[in-house]
Amino acid sequence: MEGLTTRLDQPGFFAHLEVSRLGACTAVLQASAQDRFARGHGDLARWLGALERLPDLRPSGLGLNEPAVRAGRAGDCDPDQRRIVEQALRELHPWRKGPFQLYGLELDAEWRSDRKWARLADRISPLDGRLVLDVGCGNGYYGWRMLGAGAALVLGVDPGLLYNLQFHALRRLLGEDRFGVLPLALEDLPAGVQGFDTVFSMGVLYHRRSPLDHLLALKDRLRPGGELVLETLVIEGPEGQALLPPGRYAQMRNVWFLPSCPTLAAWLKRCGYREVRLLDCSLTTPEEQRRTPWMRFHSLADFLDPDDPSRTREGLPAPL
């Protein structure tokens, strides 16, 4: 256990957390994260080995507000160190969110997540000085962008251990401790973890069997007057309309409700949210989600009808 926690603890982040309004929950969050890692995963030893092989680098600068989140420059390490970085990060395949530029290495993830961020960044409340929660944060791409936008402290939660290991690799390379990721789901957070200025839930709602319960749980984490930034799959249609896929949706098994935008707004209001605004509604394209050398499995183009890309292979409306 000692070796495990020394690899994956985040003393700098927890020091920041302890002096925030979440300070009383710091110890229980640390214990919950350690317990989850201790329960392990079949590939955890291999992932930890990759993490251990990362060289000790110090970036000459960070680009947290750049489309490809950047750590340092190519000149900050020698070619052998960069090769070791690349080999270690490839051991953590697949990379879903990005892009990243790490000491001259371009990590081109499946999602061009910078495009989604660009659609909302200037249309939400400014993040300057805010305490932020990112639910279902994956490897943390958006959390770095939140810091770049001025957030004081960002807590990300995602139960996927691979994504957590990817974050820890990035944290080692970026050297920034005002952002931490824990291997927990939203429902694993203790009751006292609340009072966030901004809560993000991006790409989570459609995986929930009870979407209203998810919206209520997110609301419980906000301070009065705080802001929820919600991104999810939707369909076109009037208020009251939603799609419940009869089986898979775009080859995904765990997709439940895809509401129309007016239906989603009605759900939010019913849950007690005010000033509901639609910021953007965009069709997902194969330019934004695609197979790359850093994500070699099937991607969006494989999930759409080859004769009619406005439909999924199941004959349902394409991701919107």
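For segment 135-176, the orientation-averaged shadow of the C-alpha convex hull comes to 2.7 nm² (one quarter of the hull surface). For segment 236-320, averaging the sequence separation of C-alpha pairs within contact (under 8 Å, six or more residues apart) and dividing by the residue count gives a relative contact order of 27 percent. The H on the amide N of Thr312, modeled in the peptide plane, is under 5 Å from the matching H of Asp305, Ala318, each at least 5 residues off or on a different chain.
Relative contact order of segment 168-320, taken over Cα pairs closer than 8 Å and 6 or more residues apart, is 19 percent. Ordering of 248-254, 133-139 by packing is 133-139, 248-254, highest average first (other Cβ atoms within 10 Å, averaged per residue). Averaged per residue, segment 191-231 has 40 square angstrom of accessible surface, using a 1.4 angstrom probe with ligands and nucleic acids left out. Across the accessible surface of the chain, with the other protein chains kept in place and a 1.4 Å probe, carbon and sulfur atoms take up 49 percent.
Computed from phi, the 3J(HN,Hα) profile of segment 113-124 under the Karplus parametrisation 6.51, -1.76, 1.60 (θ = phi - 60°) reads 5, 4, 5, 5, 4, 5, 6, 10, 4, 8, 10, 9 Hz, with x in place of Gly and Pro. Here the mean projected area of the convex hull built on the C-alpha positions of the chain is 16.1 nm². Placing a pseudo-label 7 Å from each Cα along the Cα-to-Cβ vector at Asp9 and Ile84 gives an inter-label distance of 2.4 nm.
Among Trp117, Trp256, the sequence by solvent-accessible area, most first, with a 1.4 Å probe is Trp256, Trp117.
Summed over the residues of segment 10-105 and divided among them, the accessible surface reaches 48 Å² per residue at a probe radius of 1.4 Å.
The values are calculated or read from the model by the stated rules, or taken from the named source; none is laboratory data. Note that this is a predicted model, so its numbers are computed, not measured. Neighbour counts run over all protein chains shown; Cβ positions are idealised from the backbone, glycine included. Heads up: the accessible areas ignore ligands, DNA and RNA and are worked out on the full protein's heavy atoms, side chains in. Shrake-Rupley method; radii C 1.70, N 1.55, O 1.52, S 1.80 Å.
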